[in-house]
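The values are calculated or read from the model by the stated rules, or taken from the named source; none is laboratory data. Not measured: the values here are computed from a predicted model. When we count neighbours, we look across all protein chains shown, and the Cβ atoms used for this are built from the backbone with ideal geometry, even at glycine.
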Amino acid sequence: MSQPAVPLRLHGPAGRGTLLAVILASGMVFLDSTVVNVALPHLGADLHSDTAGLQWTVNGFLLTLAAFVLLGGGLGDRFGRRRIFLLGVGWFTGASVLCGLAPTIEWLIIARVLQGVGGALLTPGSLALLQASFHPDDRGRAIGAWSGLTGVSTALGPFVGGWLIDALSWRWIFLMNVPLALVVLVAALRWIPESRNPDAGRTPGAGAGQHHRRDRRDRHRFDLAGALLGALGLAGVTYALIEARQYGGGSVPVVVAALVGVVASAAFVLVERRRGGTAMLPPELFRSRLFSVLNGYTVMVYAALGGLTFFLALQLQTVAGYSALATGLATLPMTILLLVGSPRAGALATRIGPRLPLTVGPVVAAVGFLLLHGIDENAPYWTEVFPGVALFGLGMTLVVAPLTASVLGAVADRFAGVASGTNNAASRAGGLLAVAALPLLVGLSERGYDVPAEFTAAFRAAMYWCAGLMLVGAALAALLIRGATRES
């Protein structure tokens, strides 16, 4: 890993400026990942959107973020992490402006797709810049500060977003990224040193002579085909699930989209196998049975989370009569539990192994879903909302840190970065598929999100589905996870 000539120290101005830049940039992406759900009823009414439009508003962002985040990390390693990070910040900010100015739901969806690409460029670079730029004595504290403060931004997102929506407009949840991005760009240009991975593009296990001969060939070869096929696979399946309600499951557009998604996904697997060590997603990772199981587990658990965040924000505002600010505050306990409890859950998993926390956590969260399913008109917060939110937050607290540690422990050290990125993509894909599939599964009509009686029935069915996904995750952990031993 290419290091700066003089490693940064946390107490110096360059170290503080670098930390500020990466925290604010990551915070923009995390905030826009959470706060849009709170804005859905407002932008739906303002832009005259149907349910499918709301689904695409969420999924357009998740689709490109999940599909291109591994490619973004590879671009940073090859061409310079600061360069790609700055490109991502500029791209994300420009797309945010397009979101804030959107005159139609179609415009907003396209802008959200572009926003996801920008997020995929800057997100992997944030942590990699800290790892590459700071002195080893300060690196742990810098990464800890990044983790804690980006967690705070995630917690504050629904609160700040809800206030902006109620006080001004939903458009400001996107436009507020502009001043934040200006601070990031000034700090990054002044203080962040450039770094890159000199071994990027080399095939693991090749000899020095082979490295030298391949460098010129591989330096500008990227797994663009893999990234595009992955995106096309997700897009085809997502389109089929969302549009089946309008066109019918057996209609030509839906069948064609589904076939394109399946064929592209199969082609993605073949391309990655052929590329081997230079693949965006090295097949060697999946020789670890534990790694494969953990990513399947991740899809299930985060699909349930994605279903909750989509349906709960609409239920609280459309049916229970909560304001956007009150909706943001309603979910705050789960974020606080994650922030406070995750380090303790990680320590517990280290002591007793990950199997028990990863089994118990989803069961507790499933009970939370069953309690939330009773939310109705004028629901009092402390009796109908808080118990379910708190139990769900407690369950996820038992999951997040042990899952991350287990994913990294399941593969060799040289794959730590791509393993983390793969698991991040799996979590995004889980949320993407849940938001696409659940409205169809629960029979929500095109305008049903704005009809309290219809949406309540759909919400309750969705909570049962989400609880079921959590229980599938718990079963995977109980039956297939034996420990966090490295298998590759």
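Taking (1) touching a residue at least 40 places away in the same chain (Cβ under 8 Å); (2) surrounded by fewer than 19 Cβ atoms within 10 Å (Cβ to Cβ) in turn, TRP382 satisfies each apart from (1). Per this entry, ASP50 is counted among residues that are among the acidic types (Asp, Glu), at pLDDT 90 or above and not assigned by TED's automatic domain parsing to the domain that holds ASN424. Of the residues screened, GLU377 is not one that is in a helix (DSSP H, G or I), touching a Gly at 6+ places or on another chain (Cβ under 9 Å), charged (D, E, K, R) and not assigned by TED's automatic domain parsing to the domain that holds GLY248. Within the stretch 425-440, does at least one residue satisfy the condition of being touching a residue at least 24 places away in the same chain (Cβ under 8 Å), crowded, with 18+ Cβ neighbours inside 10 Å, under 25 Å from LEU65 (Cβ atoms) and polar (S, T, N, Q)? Looking through the stretch 425-440, at least one residue is touching a residue at least 24 places away in the same chain (Cβ under 8 Å), crowded, with 18+ Cβ neighbours inside 10 Å, under 25 Å from LEU65 (Cβ atoms) and polar (S, T, N, Q). The single residue among GLY12, GLY17 that is free of Cβ contacts under 8 Å to residues at least 12 places away in the same chain and either in contact with a Lys or Arg (Cβ under 7 Å, 6 or more places away or on another chain) or small (Gly, Ala, Ser) (or both) turns out to be GLY12.
Just to be sure, is ALA188 of a type in the set (Gly, Ala, Ser), modelled with pLDDT of 90 or more and closer than 22 Å to LEU71 by Cα? It is true that ALA188 is of a type in the set (Gly, Ala, Ser), modelled with pLDDT of 90 or more and closer than 22 Å to LEU71 by Cα. Considering VAL160, VAL69, VAL117, the condition of being surrounded by fewer than 20 Cβ atoms within 10 Å (Cβ to Cβ), in a helix (DSSP H, G or I) and in the same structural domain as ILE23 (by TED's automatic domain parsing) is satisfied by VAL160 alone. Inside the stretch 42-74, residues that are closer than 22 Å to LEU241 by Cβ and out of contact with any Pro (no Cβ under 9 Å at 6 or more places or on another chain) make up a count of 18. May I ask you to verify whether THR456 is out of contact with any strand residue (DSSP E or B) (no Cβ under 9 Å at 6 or more places or on another chain), under 26 Å from GLY116 (Cα atoms), outside the structural domain of LEU65 (by TED's automatic domain parsing) and of a type outside the set (A, V, I, L, M)? So THR456 fails the test.
Of everything in the stretch 452-464, what is of a type outside the set (Gly, Ala, Ser), farther than 11 Å from GLN315 by Cα and surrounded by fewer than 19 Cβ atoms within 10 Å (Cβ to Cβ)? Give them in sequence order. Reasoning before the result, please.
Step one: list which residues in the stretch 452-464 are of a type outside the set (Gly, Ala, Ser), which gives 452, 454-456, 459-460, 463-464.
Next cut, farther than 11 Å from GLN315 by Cα only: 463-464.
TYR464, the sole residue that qualifies.
Restricting the stretch 457-488 to residues that are closer than 24 Å to PRO283 by Cβ and hydroxyl-bearing (Ser, Thr, Tyr) leaves a set whose member that is modelled with the highest pLDDT is THR485.
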